[in-house]
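**Q** Structure incoming, see below.
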Amino acid sequence: MHGDALREFEEASRHDLTHTIGAVSRALTAAIFRRLADRGYGDVHQAHVAVFSALDPDGTRVSTLAARAGISRQAMSALVRTLTAAAYVTAETDPSDQRATIVRLDRRGAEFCRAAVVASAEANAEIERSLGPDQTARLREILRVLAG
């Protein structure tokens with residue numbers, strides 16, 4: 001019934017930079033997470049990165065993590081529960097406000113963060129081997145311009 005619209009959408013997607021950049025991002029992210037799974041972190045998923053990237057060294061309230069990640073407090077609480085159960089973070093009542101929860105990186109979470117840095121560096125090195133240093137530097141420059 002509306003097959004023409006789907007065909008037009010598919011054709012436009014093939015030539016759309018947003019679509020291409022998104023596809024590259026998804027492929028690189030998947031490669032990094034495969035490396036992490038190979039290193040024993042298969043229980044961490046891309047959504048969990050919102051927790052790690054929003055944490056302060058001394059701990060952060062769940063509500064602050066949610067605001068930084070741009071997701072609901074309930075969604076962040078679910079991510080934190082999963083990571084707490086797997087011992088990546090700890091969650092405890094904020095002594096200054098019994099209604100709030102403070103999340104802190106645990107030993108396994110610190111190990112994951114270090115492994116993620118290595119996996120990301122390996123993925124970047126693969127790109128540089130494929131493109132060469134000059135084209136990789138140019139790609140970084142172009143992507144930074146596009147990112148604003």
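The values are calculated or read from the model by the stated rules, or taken from the named source; none is laboratory data. Just so we're clear, the structure is a prediction, and the values are computed from it rather than from any experiment. Cβ: placed from backbone, ideal geometry, glycine included. Neighbour counts: every protein chain shown. Just the protein is used for accessible areas: all its heavy atoms, side chains included, with ligands, DNA and RNA removed. Shrake-Rupley method; radii C 1.70, N 1.55, O 1.52, S 1.80 Å.
**Q** Go through (1) under 21 Å from the mean Cα position of the chain (by Cα); (2) at negative phi; (3) among the small types (Gly, Ala, Ser) one by one and return the number of the condition Ala87 breaks.
**A** (2)
**Q** Can you say whether Glu128 is in contact (Cβ under 8 Å) with a residue 60 or more places away in the chain and either part of a helix (DSSP H, G or I) or exposed (fewer than 13 other Cβ atoms within 10 Å of the Cβ) (or both), as far as the supplied structure shows?
**A** no
**Q** In addition: Among the residues of segment 94-111, is any touching a residue at least 24 places away in the same chain (Cβ under 8 Å), among the hydrophobic types (A, V, I, L, M, F, W, C) and in a helix (DSSP H, G or I)?
**A** No, segment 94-111 has no match at all.
**Q** Okay, next question. I need the full set of residues from segment 59-109 which are at pLDDT below 95 and open to solvent by 80 Å² or more (accessible area, probe 1.4 Å), in order please.
**A** Pro95, Ser96, Gln98, Arg99
**Q** Would you mind stating whether Ala121 is within 13 Å of Leu36 (Cβ to Cβ), surrounded by fewer than 16 Cβ atoms within 10 Å (Cβ to Cβ), free of Cβ contacts under 8 Å to residues at least 40 places away in the same chain and not basic (Lys, Arg)?
**A** Numbers: within 13 Å of Leu36 (Cβ to Cβ): yes; surrounded by fewer than 16 Cβ atoms within 10 Å (Cβ to Cβ): yes; free of Cβ contacts under 8 Å to residues at least 40 places away in the same chain: yes; not basic (Lys, Arg): yes.
Yes: the conditions hold for Ala121.
**Q** Being of a type in the set (D, E, K, R), modelled with pLDDT of 85 or more and more than 15 Å from Ala123 (Cβ to Cβ) is the filter here; which residues of segment 12-46 pass it? Full working, then the answer.
**A** Here is the first cut: in segment 12-46, the residues of a type in the set (D, E, K, R) are 14, 16, 26, 34-35, 38-39, 43.
In the following step, the residues that additionally are modelled with pLDDT of 85 or more were identified as 16, 26, 34-35, 38-39, 43.
Selection gives Asp16, Asp43.
**Q** Might you check whether a residue that is among the charged types (D, E, K, R) and closer than 20 Å to Gly22 by Cβ occurs anywhere in segment 101-117?
**A** Of all residues in segment 101-117, those among the charged types (D, E, K, R) come to 104, 106-108, 111, 114.
Now restrict to residues that are closer than 20 Å to Gly22 by Cβ: none.
The answer is no; no qualifying residue exists.
**Q** Name every residue in segment 11-23 that is charged (D, E, K, R) and either surrounded by 10 or more Cβ atoms within 10 Å (Cβ to Cβ) or not in a helix (DSSP H, G or I) (or both), in order of residue number.
**A** Keep residues of segment 11-23 that are charged (D, E, K, R), which gives 11, 14, 16.
Answer for segment 11-23, where residues must be charged (D, E, K, R) and either surrounded by 10 or more Cβ atoms within 10 Å (Cβ to Cβ) or not in a helix (DSSP H, G or I) (or both): Glu11, Asp16.
**Q** So which pairs qualify, if the first residue must be in segment 30-54 and closer than 27 Å to Arg73 by Cβ, the second must be open to solvent by 50 Å² or more (accessible area, probe 1.4 Å), the Cβ gap must be under 6 Å, and the two must be at least 6 apart or on different chains?
**A** Note: pairs meeting the criteria are Ala54/Arg68.
**Q** Let me ask something else about it. Would you tally the residues in segment 28-58 being touching a Leu at 6+ places or on another chain (Cβ under 7 Å), in a helix (DSSP H, G or I) and buried (at least 16 other Cβ atoms within 10 Å of the Cβ)? Before you say what the answer is, go through the steps one by one.
**A** Of all residues in segment 28-58, those touching a Leu at 6+ places or on another chain (Cβ under 7 Å) come to 44, 47-48, 50-51, 54-55.
From the residues that got through so far, the ones that are in a helix (DSSP H, G or I) too are 47-48, 50-51, 54.
Still in the running and buried (at least 16 other Cβ atoms within 10 Å of the Cβ): 48, 50-51, 54.
Adding up the residues that qualify gives 4.
**Q** I need a count of the residues in segment 138-148 that are surrounded by 10 or more Cβ atoms within 10 Å (Cβ to Cβ) and either over 19 Å from Leu17 (Cα atoms) or among the basic types (Lys, Arg) (or both).
**A** So the answer is 2.
**Q** Separate question: For segment 51-75, give me each residue that is within 17 Å of the chain's Cα centre (by Cα) and closer than 17 Å to Asp106 by Cβ.
**A** Val51, Phe52, Ser53, Ala54, Leu55, Asp56, Leu65
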